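Undergrad: My questions all concern the structure below.
Only the coordinates and a few stated rules stand behind these numbers; no lab work does. Remember, predicted model here, so these are calculated numbers, not experimental data. A quick note on method: Cβ atoms are made from the backbone with ideal geometry, for glycine too, and the neighbour counts reach across all protein chains shown.
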Amino acid sequence: RDSHTPTMEEKFSRLIFIPIAAVIFLMIGYQYVCPADSNTCRFRSDEKGLVQQRLPAFDSLYSEPEADEDFPAKITSKFNFTERDLDRHVDFNIRGDDVMVFLHIQKTGGTTFGRHLVKNIQLEQPCDCMPGQRKCTCHRPGKAESWLFSRFSTGWSCGLHADWTELTSCVPVVMNKKDKDKKNVQKNKKNFYYITMLRDPVSRYLSEWKHVQRGATWKTALHMCDGRPPTQDELPACYSGEDWTGVPLTDFMNCPSNLANNRQVRMLADLSLVGCYNMSSMSELERGRVLLASAKANLRNMAFFGLTEFQRKTQYLFERTFGLRFIRAFTQINSTRAASVGISEKVRWRIEGLNALDVELYEYAKELFLRRYQDNRQRQHQEERIRRRQERQQRQRLHRNYLVELLRLGGGGVEEEEEEEEVKVLEEVVTTEDYSSQVVRW
């Protein structure tokens, strides 16, 4: 006869081989998933979790924000933010023509954040900060061009604490002048990404008062709008001497032209929409409405903004937005000069009234900030789930190929009927492996 019919003993021995091979495979697979020197399969509730255990460098990918006791599980939405408002990701090309522009509002923690930008970002070519010098050189790799427009990189090139109105008209001109290759400037249009920091209006106002009380004036600020600075009648001074040293809080609040009032809205809005500093161009109510709407729109459309009260979340969102990493974690400092000022409820209400526009802007900004944070956390978790699924599928493919090869080597000449049995066992093994990996994660 041309073919040999297997005896009962041969069939039995082949059937025994299959489960033995499956057991051997499972043991090898278990050692692969749970090596002896690994903490992967330890089920301890006080650990960070499987992803962090298996990836020691996980914390360096995106800095974990501070504990979220102050962060509600579900944010009560007052404003209708769209998906586009929440999705902020900038493919920042530091080698190309992208420029980061920092709008520094007084007493919002901008000095600290500005130092982070020049001294604390992991870069291929870090900023060159010489001891004793206020400015750092932040050039693109291989080019004598700056990728950062800020106090600590380019200086006050558009004026002391230039606002949105000044920066948007001045920065393109200044940056093009700084470039050495004028022909290249004409060919390549630069992309400007504006960023800023905001702060609780009452705390910011008190901090500015204490700063002015110590002698700060910012009187060299230009306040350019529509090509000219404001006249003395449009913006009268609050004091007659060189500065306002020792000013009581009451006098500080009583000056109607004090730029500390609603400073954040004014510095983020397009002032040309309200006639710049000409208060007679429209009613105070209409002026406030237009300024607030403009400030909200500009803030919403900025590449990034952070909040002084949420330092670690600010760091996390910046890293997620720009794809850049900070070397050291941000520190939350709550013992500020403003925090040490004791005021009555009546004075607080007065300050809130003087900064009514800032109060509404901050409420808007805080919800947008926390919604973006929540959205990014969800996206990050989804990315981790996809990555884990892809790794699991890769392991399954390797195991499947290994088992097929093992069965092929050990069961040569198997009949068609027995091959179907092998495939069935193989599918059971793969299912078991998948279930085991789920148990590991649980």
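Undergrad: Tell me which GluC sites (Glu not before Pro) from the stretch 228-330 have a DSSP coil assignment and no more than 12 other beta carbons within 10 Å of their own.
TA: Numbers: sites: GLU234, GLU242, GLU284, GLU286, GLU309, GLU319; in loops: GLU234, GLU242, GLU309.
Qualifying residues, ordered by number: GLU242.
Undergrad: Here's something else I'd like to know. Which percent of Cα-Cα pairs in the stretch 185-303 sits in each 5 Å bin, short to long?
TA: For the stretch 185-303, the pair-distance distribution reads 2, 9, 17, 20, 19, 17, 9, 4, 2, 1, 0.
Undergrad: Give a residue-ordered list of calculated ³J(HN,Hα) values for the stretch 384-390 (Karplus: 6.51 cos²θ - 1.76 cosθ + 1.60, θ = phi - 60°; whole Hz; x for Gly, Pro).
TA: 5, 5, 5, 4, 5, 5, 5
Undergrad: Using the structure shown, list the pairs from LYS107/LYS346; LYS78/LYS190; LYS78/LYS189 with a Cα-Cα distance above 29 Å, or answer none. Let's see the in-between values first.
TA: Working: LYS107/LYS346 23 Å; LYS78/LYS190 36 Å; LYS78/LYS189 38 Å.
Those over the limit are LYS78/LYS190; LYS78/LYS189.
Undergrad: How about the stretch 238-332: which trypsin sites (Lys or Arg not before Pro) there are in a DSSP loop, with at most 11 other Cβ atoms within 10 Å of their Cβ?
TA: ARG328
Undergrad: Sticking with this one: Starting from the amide H of HIS139, placed 1.01 Å from N in the peptide plane, find each other amide H under 5 Å away whose residue is 5 or more places distant or on another chain.
TA: Correct list: ASP128.
Undergrad: To the nearest 20 debye, what is the magnitude of the charge dipole of the stretch 91-385 about its Cα centre, counting +1 on the Cβ of each Lys and Arg and -1 on the Cβ of each Asp and Glu? Intermediate values should be presented prior to the final figure.
TA: Numbers: 44 positive and 32 negative charges, 209 e Å.
With only Lys, Arg, Asp and Glu charged at Cβ, the dipole is about 1000 debye.
Undergrad: Still on this structure, please answer the following. For a quick check of your reading of the filter: which trypsin sites (Lys or Arg not before Pro) in the stretch 96-192 sit in a DSSP loop and have no more than 13 other Cβ atoms within 10 Å?
TA: Working: sites: LYS107, ARG115, LYS119, ARG134, LYS135, LYS143, ARG151, LYS177, LYS178, LYS180, LYS182, LYS183, LYS187, LYS189, LYS190; in loops: LYS107, ARG134, LYS135, LYS143, ARG151, LYS180, LYS189, LYS190.
Taking the stretch 96-192 and a limit of 13 other Cβ atoms within 10 Å, the loop trypsin sites (Lys or Arg not before Pro) found are ARG134, LYS180, LYS189.
Undergrad: Now a separate question. So how far, in whole Å, is the C-alpha centre of the stretch 78-93 from the one of the stretch 120-180?
TA: What the calculation gives is 26 Å, centre to centre.
Undergrad: Sorted from largest down, what three extents in whole angstroms do the Cα atoms of the stretch 91-385 have along their principal axes?
TA: Result, largest extent first: 53, 47, 41 Å.
Undergrad: Considering amide H positions built from the backbone, and no H for Pro or chain starts, which residues 5 or more places from ILE105, or on another chain, come under 5 Å of its amide H?
TA: Amide H to amide H, under 5 Å and 5 or more residues apart or across chains, ILE105 pairs with MET197.
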